[in-house]
């Protein structure tokens, strides 16, 4: 049997943190963010830039303080690591994908927040975009949520872990919502498999 990666319910801490984004009659089903592979790659990139700048700042600070070369290098490497870690944590925590009993919510930002929302009854179809490297090595991809209405458009869930599993969960939630409100004649247009680019 295949391992399911989206079976854990949100923690009480997550429910409390995202409660303000939900209406009274909806419940939080899943909280996720960028994939672990994407976050690791961002950490490596941030080690290089702005890490090099902080390394230079550490060396300069050590020189001003009259520290030895060993302490100067140590301070430089500590500043590289801390800057990369803080920037990576910011990227991870400021990008959240929320699935509720009624809609998909993309939350961007920590202090100033931007929400992008698609109600399940407005979703026409879902697409999964996954390159061969994303599929075989990184296990992440992009889910494109297409919506109907006056402002026809799409909501894009980038760099999600195991996108086919998340798409299937999203389809189950959409179908459950439609059955609950008597829209059983309306079926979600499914995209079988994935689009490999």
Counting only residues that are in contact (Cβ under 8 Å) with a residue 12 or more places away in the chain and within 15 Å of the chain's Cα centre (by Cα), the stretch 101-119 contains a total of 10
Wholly inside the stretch 1-67, helices (runs of 4 or more DSSP H) that include 3 or more residues that are in contact with a helix residue (DSSP H, G or I) (Cβ under 8 Å, 6 or more places away or on another chain), without any contact (Cβ under 8 Å) to a residue 40 or more places away in the chain and not assigned by TED's automatic domain parsing to the domain that holds residue 143 are 51-65
*Restrict the check to the stretch 39-53 and report whether at least one residue is farther than 27 Å from residue 157 by Cα and buried (at least 16 other Cβ atoms within 10 Å of the Cβ).*
yes
By residue number, the members of the stretch 119-139 that are crowded, with 20+ Cβ neighbours inside 10 Å and out of contact with any helix residue (DSSP H, G or I) (no Cβ under 7 Å at 6 or more places or on another chain) are 134
Restricting the stretch 143-163 to residues that are touching a helix residue (DSSP H, G or I) at 6+ places or on another chain (Cβ under 7 Å) and buried (at least 18 other Cβ atoms within 10 Å of the Cβ), the one farthest from residue 39 (Cα to Cα) turns out to be 147
If we ask which residues in the stretch 1-48 are closer than 28 Å to residue 82 by Cα and in contact with a strand residue (DSSP E or B) (Cβ under 7 Å, 6 or more places away or on another chain), their number turns out to be 10
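The values are calculated or read from the model by the stated rules, or taken from the named source; none is laboratory data. As the structure is a computational prediction, the values presented were derived from the model and not from experiment. Quick reminder, even Gly has a Cβ in these numbers, built from the backbone with ideal geometry, and neighbours come from all protein chains shown.
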